[in-house]
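Written out below as structure tokens is the structure these notes cover.
The values are calculated or read from the model by the stated rules, or taken from the named source; none is laboratory data. This structure is a prediction, so every number in the text was calculated from the model and none was measured. Positions of Cβ are backbone-derived with ideal geometry, glycine not excepted, and every protein chain shown enters the neighbour counts. SASA here: full protein model, heavy atoms, side chains in, ligands and nucleic acids out. Shrake-Rupley method; radii C 1.70, N 1.55, O 1.52, S 1.80 Å.
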Amino acid sequence: MYSKLRLILGDQLNIDHSWFKESNENVLYVLMEVREETDYTQHHIQKVTGIFAAMRKFNQMIEGKGFKSTYLKLSDDKNEQSVPANLSALIEEFDIEEVEYQEPDEYRLDELLKEWSKGIEIPVRKVSTEHFFTSREMVGELFRNKKAYLMETFYREMRKRTGLLMKGQEPEGGKWNYDPTNRKKLPKDHQPPPPLLFDHDLSDIVHMIREHGVSTLGNIDPEHYSWPIDREEALNLLKYFCEHLLLHFGDFQDALTSKSWTLYHSRLSFAMNLKLISPKEVCDAVESTFRASDEVDITQAEGFIRQILGWREFMRGIYWAEMPGFAEMNHFEHAAPLPSWYWNGKTKMACLRQAIQQSLDHGYAHHIQRLMVTGNFALLAG
């Protein structure tokens, strides 16, 4: 019935991918909600809900553009609750002659699909997600035969390759990195702007997740889900950041406060991780705002672009260079269990309590809360 099947994973909702340049009646796209992906670890309820909601909207969108698709909900009787098992069933059902899938962002799933493809008689092809600035291999190749990975080395190379915040071969403003200026405390009388929140009633999805016994952590208001679940909302969130938050992002990106759970952070990670919006779009928008504004200075723009062009791409590269051994590394041989309050926030330590409760309530904590508060506690406690 179809000559080709294309698998769209839940974090590959990129309508700008070359797969979607034009529709083809011989190509069937498939999206699936499966227990294999909800159950390999305990996810936040807002994450699972948001991914399912975004997948469903994406499926509606591509169908509206003329693409043929099939969608497996978690509750569907014919759902095998496994990506490989569902693919095998669909190959038989639709007489598929060839399968394509985009590179997963997780080693576990990458290996799962690789092993499955070895037992399939028809051709199975893996293609790029066309999302990141770099290939999986770039960081490993850049630091081959080097003693250590160094983010600053990688970051400067990426600035040169992309031309972001550059004047010819020299960095904008004369410096590569303005991190020392990005560590200000939030003044006592300063109130950051409110976050841009969306409002979705996702009660049906939450009910389905709970009815099927998916184990999650965290809290959710099913009738007022606030994260972006489509490209338009992701672009609106980027626009809001550039217009209202970039002005002081660099200043207070490392600040801790009880006044605001978002401060001047963009909260774009979820949209980027689903590939509703690309890192290039984000960096280009920030650079354009900086160049067009008399108020946004280089320390704000560079501080943000460093997080996306630098850290995000750098850590992905290390992950693919070092996996699977990376997952088992334990330099200090730490083996102590985390205390129970690490999962419920019931501790007298204020910074930990706030970071954990914020994570439970909003599915979000900024990089200093994760690294210097919850992460540092775990390091110190062994």
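What the table shows:
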{"item": "Only listed residue being modelled with pLDDT of 95 or more and in contact with a Gly (Cβ under 9 Å, 6 or more places away or on another chain), chosen from K47, K21, K57", "result": "K47"}
{"item": "Any chance Y101 is in contact (Cβ under 8 Å) with a residue 60 or more places away in the chain, over 30 Å from N344 (Cβ atoms) and surrounded by 15 or more Cβ atoms within 10 Å (Cβ to Cβ)", "result": "yes"}
{"item": "When residues of segment 362-380 are limited to those that are touching a helix residue (DSSP H, G or I) at 6+ places or on another chain (Cβ under 9 Å) and open to solvent by 70 Å² or more (accessible area, probe 1.4 Å), the one farthest from H224 (Cα to Cα)", "result": "M372"}
{"item": "Residues located in segment 326-336, provided they are surrounded by 10 or more Cβ atoms within 10 Å (Cβ to Cβ) and either over 15 Å from G375 (Cβ atoms) or in contact with a strand residue (DSSP E or B) (Cβ under 8 Å, 6 or more places away or on another chain) (or both)", "result": "F326, A327"}
{"item": "Residue within segment 337-349 that is surrounded by 16 or more Cβ atoms within 10 Å (Cβ to Cβ) and touching a Leu at 6+ places or on another chain (Cβ under 7 Å) present", "result": "yes"}
{"item": "Filter result (under 20 Å from K126 (Cα atoms), in contact with an Asp or Glu (Cβ under 7 Å, 6 or more places away or on another chain) and either aliphatic (A, V, I, L, M) or outside any helix (DSSP H, G or I) (or both)) within segment 69-99", "result": "S69, S82, V83, A89"}
{"item": "Verdict on V27 being in contact with a Phe, Trp or Tyr (Cβ under 9 Å, 6 or more places away or on another chain), more than 27 Å from K280 (Cα to Cα), modelled with pLDDT of 95 or more and of a type in the set (A, V, I, L, M, F, W, C)", "result": "yes"}
{"item": "Single residue of segment 50-70 satisfying the filter (open to solvent by less than 50 Å² (accessible area, probe 1.4 Å) and farther than 18 Å from K275 by Cβ) that is farthest from the chain's Cα centre (by Cα)", "result": "G66"}
{"item": "Filter result (in a loop (DSSP other than H, G, I, E, B) and open to solvent by 50 Å² or more (accessible area, probe 1.4 Å)) within segment 180-195", "result": "R183, K184, K185, P187, K188, D189, Q191, P194"}
{"item": "Hits in segment 130-169 (condition: part of a loop (DSSP other than H, G, I, E, B), open to solvent by less than 60 Å² (accessible area, probe 1.4 Å) and basic (K, R))", "result": "R136"}
{"item": "Residues of segment 269-295 classified as part of a loop (DSSP other than H, G, I, E, B) and surrounded by fewer than 22 Cβ atoms within 10 Å (Cβ to Cβ), total", "result": "4"}
{"item": "Among the candidates D11, D16, D39, residue that is acidic (D, E), touching a residue at least 60 places away in the same chain (Cβ under 8 Å) and surrounded by 18 or more Cβ atoms within 10 Å (Cβ to Cβ)", "result": "D11"}
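Matching residues to (1) touching a residue at least 12 places away in the same chain (Cβ under 8 Å); (2) touching a Cys at 6+ places or on another chain (Cβ under 6 Å); (3) assigned to a helix (DSSP H, G or I):
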position: I318; (1), (2), (3): yes, no, yes
position: F326; (1), (2), (3): no, no, yes
position: Y342; (1), (2), (3): yes, no, yes
position: K346; (1), (2), (3): no, no, no
position: A355; (1), (2), (3): yes, no, yes
position: L360; (1), (2), (3): yes, no, yes
position: A365; (1), (2), (3): no, no, no
position: N376; (1), (2), (3): no, no, yes
